[in-house]
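Participant: My questions will all concern the structure given below.
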Amino acid sequence: RCLLKMVKEDIVVPEEILSFCCNGLQGSTSPPRAREPGEREEAPGAMASPSPTGNPTEVQMSQLVLPCHTNHRGELSTGQLLKWIDTAACLSAERHAGCPCVTASMDDIYFEHTISVGQVVNIKAKVNRAFNSSMEVGIQVSYEDLCSGKHRSICKAYATFVAQGPSGSKVKLKPLTPQTEEEKIEHSIAAERRRMRLVHKDTLKDLLTRSPRETELETRDGSAAVPAEKTRVESVELVLPPHANHQGNTFGGQIMAWMENVATIAASRLCHAHPTLRAIEMFHFRGPSQVGDRLVLKAIVNNAFKNSMEVGVCAEAYGQEMSVSRRHINSAFMTFVVLDQEGRPRTLPMVAPEPGDGVRRYREASARKKIRLDRKYVVSCKQTEVPLSVPWDQSNKVYLSYNNVSALKTLVAKANWALAREKEKVQMYTLEEDKFLSFRIEMSVRIAAGRAFSLLSDLRRRHEWDSHYASAELVQQVDDDDMIYHVVSQTLSHENKPQDFVILASRRKPCSKGDPYVVAFRSVTLPTHPASASFTRGETLCSGFCIWPESEETSKVAYYNQATPGYLNYVTTNVAGLSSNFCATFEACEKFLLKNKEDLIVRLQDL
């Protein structure tokens, strides 16, 4: 206060006092510490995890929400939040890569709550897995109310970053070794999320191909359709040095913030109110933009549903010369709602699409909504919240396959397995959790991992070694990695009828060295195979095989089964008999693998 008073009264401030005050504002009266060679400078607000044994890629950022960060309602602008998310994720990626990184894509983001001025945003980012030249960064966002001490989750996001060398070339990344159970789960499932990103566009095309070509406009009582053209927005931004990184490339978060701005304007033109952003669709950056570029941002409402609307946004870049064609940088789809005074979504006006491209965008928005709901329902739910049997169709096949494999990988990564029985080469482990009792049986077999993977993934041959299986019919070959079987069991239910199952079998080969071969099973519902009076329909939540190569001719084979609540009563009263049964079945499995290995050798010798 004395310093400010002296400055206002034009009093000359002694250099010693000025130096003391400036250092004091930084929290120290000592001169700043010189960085060691190779030490990275952290961005303001970002700090490393204080634990020396923690993940070295983890970055924590805490930001106080000021009025300049908020909208007219005093809530944090989503564009500002996206900038902070991208910055924290980039810092984490660069910690692992040791070189500059650029944002390649961002998965779906669902915003659960808004953040008010005066509250603190806490962002935690860390690398989940490194592939060849790209890596997945997981981001958790929460807010903290300093007055009440309340903490609430805002969103969880996954971003993909690419490491770049001095000339912009890709850099091969070193592998990341997970330490904790949570890190092992994220590391394992990251390969599944990567697979899902690669087929995202194909899923949309497939759904559009199967849907009717004629577009029926939704009718809503008491409201006239608003021409989509009236919601169109176009804006231009000049990329300045503060918008770019040290290589001169525009921050991905800055582009996302500009896109959110024009999307909000387009949504407002439809509803004549202030909309709230609820979700951002998975998107990819198609190319970079640099300092000096002009970014043209276009937005339009593609479709308006009863309580939500989808806004499509496109970003294009060009240089100083208009003669050069524009470069397509990014496209994104954002879902908005309009809330009433009680926080409930309002009914929105209908949209009348333009002929041609407008109708195409209208149909695609409806398809994306279907995919988005499937993905949120199947992928984002906790394992205990997903029903045992989920209806299978073309629109959710990718996400059911993801859920099937990720559930098994999550079970594999659990740390509290307890040895229940050991008989010769077979070990049986159990894992007790809230509503589930899980089993793991494993042994080493003298067979190549790839051969064991091929034999165990075909349920039509399981009756050869598993006495519980009577038959298995291949109902649908979804693709090379996913099949649906109708299985009839030898086991009789309490109704004295055999059980049957409709099972999705998902196969995965190793993504990188050290990964196992995976065969995952879960129940699904097919309209072509409803429950029959001849059988008692059974369900399996999570089971399957993981096969690790130990040498060229030896593999470790492990079978996992997560018992459902209806199975627990039988398990708890018959643990000894059950373990003997499991071990005997697994010994029969070993004989089946060895026999077929020998048959293959004989056939090769005959050839």
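The values are calculated or read from the model by the stated rules, or taken from the named source; none is laboratory data. The structure displayed is predicted, hence computed values, not measured ones. Here Cβ is always computed from backbone atoms with ideal geometry, including for glycine, and neighbour counts include all displayed protein chains. Only protein heavy atoms, including side chains, enter the accessible area calculation; ligands, DNA and RNA are left aside. Shrake-Rupley method; radii C 1.70, N 1.55, O 1.52, S 1.80 Å.
Participant: With a ≥ b ≥ c taken as the square roots of the eigenvalues of the C-alpha gyration tensor of segment 387-596, please select rounded if a/c is under 1.5 and otherwise prolate if a/b is larger than b/c or oblate if it is not?
Facilitator: Because its axes are fairly even, with a/c under 1.5, segment 387-596 counts as rounded.
Participant: Right, something else. Out of residues 5 or more away from C542 or on other chains, whose amide H comes under 5 Å of its own, with H placed 1.01 Å from N in the peptide plane?
Facilitator: Q562
Participant: Check Q247: other-chain or 5+ apart residues with amide H under 5 Å from its amide H, H built from backbone geometry?
Facilitator: Counting only residues 5 or more places away or on other chains, the set is empty.
Participant: Would you mind checking which residues have amide H under 5 Å from V475's amide H? H placed 1.01 Å from N; only 5 or more apart, or other chain.
Facilitator: The list, which skips near neighbours in sequence, is I484, Y485, H486.
Participant: Tabulate in residue order the Karplus-calculated ³J(HN,Hα) for segment 479-495, using 6.51 cos²θ - 1.76 cosθ + 1.60 with θ = phi - 60°, rounded to whole Hz; enter x for Gly and Pro.
Facilitator: 7, 5, 10, 10, 9, 10, 10, 9, 10, 10, 9, 6, 6, 8, 7, 5, 8
Participant: Shape of segment 42-182 from its Cα gyration tensor (a ≥ b ≥ c, root eigenvalues): rounded if a/c is under 1.5, otherwise prolate when a/b > b/c, or oblate?
Facilitator: Taking the square roots of the gyration eigenvalues as a ≥ b ≥ c, segment 42-182 is prolate.
Participant: Which entries in the list K172/K513; K126/K201; K172/K369 go over 25 Å, if you measure between the two C-alpha atoms of each? Can you show the working numbers first?
Facilitator: Working: K172/K513 15 Å; K126/K201 27 Å; K172/K369 37 Å.
From the list (K172/K513; K126/K201; K172/K369), the Cα-Cα distance tops 25 Å for K126/K201; K172/K369.
Participant: Another question, then. Express in nm, to one decimal, how much length is gained between D145 and Q490 on full extension, taking 0.36 nm for each residue of separation and deducting their alpha carbon distance. List each step's numbers first, then the result.
Facilitator: Values: separation 345, 0.36 × 345 = 124.20 nm, distance 5.80 nm.
Here the answer is 118.4 nm.
Participant: Taking the Cβ-Cβ separation of E424 and S153 as r and a Förster radius of 51 Å, what is the calculated FRET efficiency to the nearest 0.05?
Facilitator: So, using R0 = 51 Å, E works out to roughly 0.60.
Participant: Taking only protein heavy atoms into account and a 1.4 Å probe, give the accessible area per residue of segment 387-596 in Å².
Facilitator: I get 44 Å² per residue for segment 387-596.
Participant: Calculate the tail of P(r) for segment 259-354: the fraction of all Cα-Cα distances greater than 15 Å, expressed in %. Before the final figure, lay out the partial values.
Facilitator: On the way: 2824 of 4560 pairs.
In whole percent, the share of Cα-Cα pairs in segment 259-354 beyond 15 Å is 62.
Participant: May I ask you to order 548-561, 528-541, 397-410, 304-317 by the average number of other C-beta atoms within 10 Å around their residues, highest value first?
Facilitator: For the peptides 548-561, 528-541, 397-410, 304-317, the packing ranking is 397-410, 304-317, 548-561, 528-541.
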